[in-house]
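A short worksheet on the structure shown next.
The values are calculated or read from the model by the stated rules, or taken from the named source; none is laboratory data. Every value quoted in this text rests on a predicted model; they were computed, and no experiment measured them. Positions of Cβ are generated from backbone atoms using ideal geometry, with glycine treated the same way; all protein chains shown enter the neighbour counts. The protein model used for the area step is the full one, side chains on, heavy atoms only, and it has no ligands, DNA or RNA in it. Shrake-Rupley method; radii C 1.70, N 1.55, O 1.52, S 1.80 Å.
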Amino acid sequence: MKKVGVAILGLGVVGGGTYKILTDKKEFFKKTQGVDVTVEAVLEKYVERADALGIGKDKVASSIEEVCSNPAVDIVVEVIGGVEPAKTFVLKALMSGKTVVTSNKELFAKHWPELEEKARKMNVGLFFEASCVGGVPIIRTLIDGMQANDIKSIKGIINGTTNYILTKMALEGSTYEEALKEAQRLGYAEFNPTADVEGFDATYKLSILSSLAFNTKIAIENVHREGITSITKEDIAYGKELGYTIKLLAVGKNTDKGIEVRVHPAYVPNGNPLATVNDSFNAVHLVGDSVGEIMLYGRGAGALPTGSAIVSDVIFAAKHQTYYYTYFKNNEKGVKETNFTDDFTSQYFIRLSVKDLKGVLSKISGVLAKNNISIKEAKQVAEKEGVVPMVIVTHECAESSVNKALEKIKATAGVISVDSVIRIED
Ligand code: HSE
């Protein structure tokens, strides 16, 4: 039976989950996979984490060099997160001939070509299933299951923290601040929640997923990013009335105008399966020209779900002698040979506050018509203290037209403010 030695760099939530699966299921993997996997070393600066997992002192390495020179280690699992020291450690492991398995989306989104070049040079594997959508096997689906397809779109909820916050706001009427506090209490959101709530985490993941979907390196700079911090209770309430649920969506499309990649809050019609993905769950919807639609759903974070993705890479690496590498023609910046567009088309929800004056609505609809925007639905709510809330839903139109129209609308007499502009994605 093939014997494989693993080192785990970082014993946080995911490292702990990975250690637990690899040790608890050692006999199961021998029986079902024909591989005997042993954790030979760990590298963790907080020794109490190793103690808590029952890892003997003899297995706790004191440096990355010690891990890299350990002949019993074939595969190095990097679950530290962030760019440094993870990048240095991964490069050292690759250069010493170890295959690397990582869950590190930021490192991968920022330095993928450089890491891959080293892996190719050393003829070792570089696996990253756990970098996107936790336990959901989206990377292998894209690499190994979709070869027959020219992928037209990838759309999903790929950040669990923001999905938890938005679900709480929608189902319990919480404010953004209350929902964030609860997410922090439950350990979903970090003390500094910026990476999740401002859409960076989803941007890293979309950059990786859309690169695989569209066979071209898509840099994070190419991804349009908006977070959820400006979503209000009113936005949620209006969405409910109109039959929409707000989600932080990651969208990649290969259109005639070019590739568009964006992360932003969007109204999803309640009949769309993505609208029913709640709490910290994730889901990804793909459209391929041969297979049609596919949807994957599951836990996007957590010790055992993300550990499941790591272990699947460890076992894959243990069972395969040849590794897959990507064949992107473009370079690290990802822009030269790829045609991107940021003139998205979508339906738009526009919420305004206006004065109750004759002709305001007709002036607004005139500006929209002049900019080639057709109104699907318009609604005026009862006046309160001289202010009339007004809601307009457009048919599909170009974002550039909406931006031009909004400039004019803001300067229209009787318009007090444009309070929300939210894309509607079906
Ligand atoms: N912070 C991420 C999320 C989990 O909330 O989805 C790991 O990517």
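Values for this structure:
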| quantity | calculated |
| --- | --- |
| Beta bridges per DSSP with both ends in the stretch 213-273, % antiparallel, nearest 5 | 85 |
| Förster radius 45 Å - calculated FRET efficiency between Thr276 and Lys358, Cβ distance, rounded to 0.05 | 0.55 |
| Highest-MSF residue in the chain out of Asn163, Asn254, Asn70 [GNM, Cα springs under 10 Å] | Asn70 |
| For the chain: accessible area per residue (Å², 1.4 Å) | 44 |
| Nearby aspartates and glutamates by direct alpha-carbon distance to Lys217 (threshold 15 angstrom, same-chain neighbours under 8 apart not counted) | Glu106, Glu114, Glu116, Glu117, Glu260, Glu332, Glu337 |
| Counting DSSP beta bridges with both ends in the chain, the antiparallel % (nearest 5) | 70 |
| Ranked order, Tyr188, Tyr267 - accessible area, probe 1.4 Å, largest first | Tyr188, Tyr267 |
| Simple label model, 7 Å out from Cα along Cβ direction - Asn215 to Asp289, nm | 1.0 |
| Cross-link partners of Lys410 among lysines (Cα-Cα below 27 Å; sequence separation of 8 or more within a chain) | Lys233, Lys240, Lys247, Lys355, Lys358, Lys363, Lys370, Lys376, Lys379, Lys384 |
| Distance between the stretch 298-328 and the stretch 392-426 - C-alpha centres, whole angstrom | 43 |
| Low-density loop positions, GluC sites (Glu not before Pro), the stretch 290-393 - DSSP coil, at most 10 other Cβ in 10 Å | Glu385 |
| The stretch 330-426: trypsin sites (Lys or Arg not before Pro) falling in loop per DSSP and having at most 16 other Cβ within 10 Å | Lys333, Lys336, Lys358 |
| Förster-model FRET efficiency, 25 Å R0, Thr32 and Tyr325, C-beta, rounded to 0.05 | 0.35 |
| Modelled FRET efficiency - R0 35 Å, Lys376 with Asp150, Cβ distances, 0.05 increments | 0.70 |
| Qualifying lysines (Cα of each under 30 Å from Cα of Lys31; at least 8 residues distant if same chain) | Lys2, Lys3, Lys20, Lys57, Lys59, Lys98, Lys319 |
| Within the chain, helix-based [θ] at 222 nm, where runs of 4 or more DSSP H residues each add -39,500 (n - 2.57), nearest 500 | -10500 deg cm²/dmol |
| Gaussian network model of the chain, Cα within-10 Å springs - most flexible of Val133, Val360, Val263 | Val360 |
| Part-to-part distance (alpha-carbon centres) for the stretch 251-265 and the stretch 83-153, which is given in Å | 23 |
| Low-density loop positions, chymotrypsin sites (Phe, Trp or Tyr not before Pro), the stretch 6-87 - DSSP coil, at most 12 other Cβ in 10 Å | Tyr46 |
| Extension reserve of the Lys410-Met1 stretch, reckoned as 0.36 nm per residue once the Cα distance is removed | 140.2 nm |
